[in-house]
Amino acid sequence: MTSKLRNPHFLPEVTTKVLVINAAITLKGLEDQLLGIVVAEERPDLEEMRQRLVKEGAACRSALQEVEDQILATLSKGGNLLEDEAAIRVLDESKVLSAEIVTKQQLASETSVRMEQSRQAYMPVSQHAAVLFFCLAELINLSPMYQCKLVVSHVM
């Protein structure tokens, strides 16, 4: 089933029977997209862990940015930092939090490497499917007989 729409919307009856893949991308992009689908189907725990790592990574970057903003705000107040107990406390807390975040990021990086190695086992499947898709998509250039379209009528 193909569509030239950027973000096609199909009826629920159709959506439950097909898998929508964004094919308006390159071969490598389609391989990555199909790899995620294959891993999610074969090893849902691995895909769930990858999604969790992405969310945790974003949260860590956000927390690190907040720590940096706190430090800059403390330093911009001016005055003698050595005599300001609140500034010293903020800097100490920021240092501890920053160290925790860096440790979490290193652990996430190591886990991500191991997870990516496990995902690579499914790479031949996604490469084959992507090549097959682009071959089928090009069959229309040989003969119009290979052209398949799905016409969806919206009932209002």
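The values are calculated or read from the model by the stated rules, or taken from the named source; none is laboratory data. All values reported here derive from a predicted model rather than from experimental measurement. Note that each Cβ is placed from the backbone with ideal geometry, even for glycine, and that neighbours are counted across all protein chains shown.
Tell me whether segment 89-101 contains one or more residues that are loosely packed, with under 15 Cβ neighbours inside 10 Å, without any contact (Cβ under 8 Å) to a residue 24 or more places away in the chain, within 30 Å of A130 (Cα to Cα) and under 29 Å from the mean Cα position of the chain (by Cα).
Scanning segment 89-101, I find no residue that is loosely packed, with under 15 Cβ neighbours inside 10 Å, without any contact (Cβ under 8 Å) to a residue 24 or more places away in the chain, within 30 Å of A130 (Cα to Cα) and under 29 Å from the mean Cα position of the chain (by Cα), so the answer is no.
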For a quick check of your reading of the model, give me the residue pairs whose first member lies in segment 38-59 and is basic (K, R), whose second is in a helix (DSSP H, G or I), with beta-carbon atoms closer than 7 Å and at least 6 apart or on different chains. R50/M115
Kindly establish whether M156 is under 30 Å from P12 (Cβ atoms) and either modelled with pLDDT of 85 or more or over 27 Å from the mean Cα position of the chain (by Cα) (or both). yes
Does T74 qualify as being more than 24 Å from S118 (Cα to Cα), of a type in the set (S, T, N, Q), surrounded by 10 or more Cβ atoms within 10 Å (Cβ to Cβ) and at pLDDT below 85? yes
Yes/no for A108 being surrounded by 13 or more Cβ atoms within 10 Å (Cβ to Cβ), within 21 Å of V18 (Cα to Cα) and at pLDDT 80 or above: no
How many of the residues making up segment 97-146 are under 16 Å from L34 (Cα atoms) and acidic (D, E)? 1
